[in-house]
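What follows is one structure encoded as structure tokens, with my remarks underneath.
Here, each number is a calculation from the coordinates, and none is a lab measurement. Note that the structure is predicted; figures quoted are calculated from it, not measured. Every residue, glycine as well, gets a Cβ built from its backbone with ideal geometry; the counts of neighbours run over all protein chains shown.
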Amino acid sequence: MDLLRGFVAVGRRMSITLAAQDLCLTQSAVSRQINALEEQLGVKLLVRGHRSISFTPEGARLFRSADGAVQQLQDVLGEIRTESTQRPVVLSACIGFTGLWLLPRLSRFQQQHPGVDLRVSANNRVVDLRHEGIDLAVRYTSPSLAPAGAMLLFGESVAPVVHPSLGIKSLRSPQALAKAPLLEFDDPQRPWLQWADWLGAAGWGEVKPHSVLHFNQYDQVIQAALNGQGVALGRLELIGPLLASKRLIQLAPPKSQTEAMRGHWLLQASEHPKADVLKVARWIEEEARCTSQEAGLLMPSQA
């Protein structure tokens, strides 16, 4: 194989000097490889001129076959090296899920799996997992729209929340809305996360709130609530630790859930993922089970 490799390198360059540079060998070493191959085959493969070389008919025939074979071997060896080199597990999730649910938990993942390199891609666009090199993705959707093979991590409960500094204990009457601005998630495609939907369900559709602050990212809504800037509609499964630590207070029971409720789903790009990908997936599933249990304990006792 070394002799053929040297011959192919010379044939690709039609220069022993340049082939020697490609192979990190001396010019004389490459010449010896060509001579040895010619001796083994009993034919001349190259015609050496003063400043040029060319193939003999036998050399041209051998090069056509050997060049393709060597290229295939190089391609396979390159793939094997790439696969054997540890690369990060790439997890894609929307910005709100990443900032509110995932990041606060990542220290636990690092403690449990110190040898796993995890890369988080936070964005709200729909991506092609395999085409973009993503191993796992968390998507927010309904059961009817969830991709085949997706696993439901947890559903979604929505209720008003506020920082304790505003002094609002509950929303038992519409008059409480006159005490602070409403923090609005400005996404018309998700009306169930907007105040008009919640007020209508409560029978308070005609109520005029104190004022409304609009945000185009959900994590901004919650950050504003933590800063005491108003009342937000909290997605309880995402903000569970904030409620448990009393940094936010839940003001009313969540809206009733239906079988068609939306939630966060976990997708795997491959049916046979690597060991590190499975570790991340199993960890997310376990954390999600804890999230569902925590959400069931939040209300009605806090109202």
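Of note:
- Helix 2-13 axis, angle to the chain major axis (alpha carbon atoms, nearest 10°): 80
- Kirkwood-Stokes translational diffusion coefficient of the chain, alpha-carbon pairs, 25 °C, 0.890 mPa s, µm²/s: 101
- Each of the GluC sites (Glu not before Pro) that DSSP puts in a loop and that has at most 10 other Cβ atoms within 10 Å breaks the chain; the longest unbroken stretch is 1-205.
- Among 12, 87, 172: highest mean-square fluctuation, GNM of the chain, C-alpha pairs under 10 Å: 12
- Gaussian network model of the chain, springs between alpha carbon atoms under 10 Å - residue of 99, 203, 11 with greatest fluctuation: 11
- Phi-derived couplings, Karplus 6.51 cos²θ - 1.76 cosθ + 1.60 at θ = phi - 60°, listed residue by residue for the stretch 227-241: 7, x, 8, x, 9, 10, 8, x, 8, 4, 5, 7, 10, x, x Hz, with x used for Gly and Pro.
- Distance (nanometres) between label positions extended 7 Å along Cα→Cβ at residue 26 and residue 175: 10.0
- A simple count of charges around residue 67, restricted to other residues whose Cβ falls under 15 Å of its Cβ and scoring Lys, Arg +1 and Asp, Glu -1, yields +2.
- For the chain, the longest principal axis of the alpha carbon atoms and the long axis of helix 275-295 meet at an angle near 0°.
- Annotation: lysines with alpha-carbon distance below 29 angstrom to residue 179 (same-chain offsets under eight excluded): 169, 208, 246, 255.
- Radius 15 Å from Cβ of residue 196, net charge of other residues (Lys, Arg +1; Asp, Glu -1): -2
- Nearest 10 degrees, 0 to 90: helix 57-84 Cα axis against the chain principal axis: 30
- For the chain, a Gaussian network of Cα nodes joined below 10 Å ranks 141, 98, 17 by mean-square fluctuation, and the top entry is 17.
- 11 Å beta-carbon shell around residue 154, net charge (K/R +1, D/E -1): -2
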